[in-house]
Amino acid sequence: MALSPRLDLRQSQSLVITPQLQQAIKLLQLSATELQAYVEQELQSNPLLEIDESGEASALSEGAGNSSDRENPDTSIIDTMDGQDEAPLDLDSVGVDDDVLIGPDKSSDFDSLPTKSASAVEDSLPTLEQTLADTPDLRSHLIQQLNLAVNAPVDRFIGMYLIDQLDESGYLQIGVEEAASQLGADTSEVARILGLLQGFDPSGIFARNLKECLELQLIDRNRLDPAMSAFIENIELLAKHDLGKLREACGVSVDDLKDMISEVRALDPKPALRFERVINESVIPDVLMSTRADGSWRVELNPETLPRVLVNQNYMANINPSAATKEDKAFMAERLQSANWLVKALHQRAETILKVAIELVKQQDMFFRRGITYLKPLILRTVADAIEMHESTVSRVTTNKYIATPRGIFELKYFFTQSLPSSSGKDAHSAEAVRYRIKALIDAEAATDVLSDDRIVEILSRDGIEVARRTVAKYRDSLNIASSVQRRRAKTTGLRGF
């Protein structure tokens, strides 16, 4: 069989990531502070970009503010996306191309730019050594412990809220009553979660004052005896060097007092400072939410977080093409393309964030109106399907993006909670709602009719809640409720505390 050269034409598909798509993904993931720093860097490197100093609100902000004349009979949320000429950015649609990123305008100047493969993008990711060198910040450290310690979504929601109320020293800057009022939760529930958080590492975290911080650290060391409690209660005497009164208050000898002073001085009065990055970095909300006169919600972008960037067309027009060299022309053409793309990408990033935020407010309407017990079970796919975007796009949008609501400032990621299926085919039930239903059933049981876990499963099933016996046992344990055998014995003997 003779060998001969041959020319074949084969058609295949491959994943490519254009420079514009890489920039769009990067912009979508940036927080408001990071976006400002990125835009400032682009302004310095691109002579065709300039800051819009007119002080006028962006088109998105105006659209959100003047949409009160549009009514939706199915919801009280005003859809502020009407009238926009470009679709929000969905980075993960099937068959992603430049048209998806820059809107319906088919005459884009960017089609000729080179593409980059996925493997090339992976080469630009941080190395393993760089990842290991990073020290986790306090917020990530606490959230990791919260995820391991708490299963109930509402408990986790309260914990996340309290984590964001810490100052740079690790002290809680909000009272239990105020936090409960903001969240619409019971004071006892917030106090219970705070007690759990105060057992986290570093020891002494979530204290509300110096005395409580020292007490928490002594509890962690199993050293908070009555004498030490009296020492902490009268610690101001130590600052006044009145050791005689301090020793009398503690009821200890001089030698014991010296040991106690040494032990207390070894404690850390500011437990959060050991971390490189403090937790109370200023949070700038990307979305603002307020109540209208008719009771509906007003959702709009925060104009303070919207970079006002323009392309300086006059600068480009004043350059004499005949005097410019070939390299100068190529440079200016590349800078013009980059400037135009950045302006469009920033606009579409804002549209995407606003669209996701509006849908989240629609989904969690009852939480904002009636409190945390009405937090609706929600997953990324529900929001993604509602706004016709990919789940990964919604995930990027809700990370490090915050919304200022009448109940406080929350990360958009907060509003995604677990759910339990309904046996009747209706809407799924929130795990937290089922948890409280179990508690109500046990609280109402009689001494002669103590409910077993299997009985609770049957009762919930009749109510349309599909739940396994082991799930009931897990929720019961999380509520510190004993088993049916222990409860029956306690009620028979007249004991309490179960």
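Odds and ends about this structure:
- Arranged from fewest to most other beta-carbon atoms within 10 Å of their beta carbon, Cys213, Cys250 become Cys250, Cys213.
- Computed with the Debye formula from one identical point scatterer per Cα of segment 143-249, without solvent, the log10 of I(q)/I(0) at q = 0.10, 0.23 Å⁻¹ comes to -0.35, -1.20.
- Total formal charge among the other residues, if their Cβ is under 15 angstrom from that of Asp225, Lys/Arg +1 and Asp/Glu -1: -4
- Environment charge of Lys245, counting only residues whose C-beta is closer than 13 Å and scoring Lys/Arg +1, Asp/Glu -1: -2
- Each residue of segment 376-383 is assigned a 3J(HN,Hα), and the resulting list reads 8, x, 8, 10, 4, 5, 4, 5 Hz, derived from the Karplus form 6.51 cos²θ - 1.76 cosθ + 1.60 (θ = phi - 60°), x at Gly and Pro.
- Charge sum, other residues only, whose C-beta stays under 10 Å from Leu380's C-beta, Lys/Arg counted +1 and Asp/Glu -1: 0
- HN-Hα J in Hz across segment 390-398 - Karplus 6.51, -1.76, 1.60, θ = phi - 60°, x for Gly and Pro: 7, 4, 5, 5, 4, 4, 5, 5, 8
- Highest to lowest packing among 444-455, 139-150, 154-165, scored as the average C-beta count within 10 Å: 154-165, 139-150, 444-455
- Residue exposure sequence - Val190, Val264, Val485 - by fewest surrounding Cβ within 10 Å: Val485, Val264, Val190
- Amide hydrogen proximity for Arg298: with H placed 1.01 Å from N in the peptide plane, the residues at 5 or more positions away or on another chain lying under 5 Å are Ser290, Thr291, Arg292.
- Residues whose amide H comes within less than 5 Å of that of Thr18, counting only those at least five positions distant or on another chain, are Lys116 (H built at 1.01 Å from N in the peptide plane).
No lab work stands behind these numbers, since they all come straight from the coordinates. None of the values given here were measured: they were computed from a predicted structure. Reconstructed Cβ throughout: ideal geometry from the backbone, glycine too, with neighbour counts over all protein chains shown.
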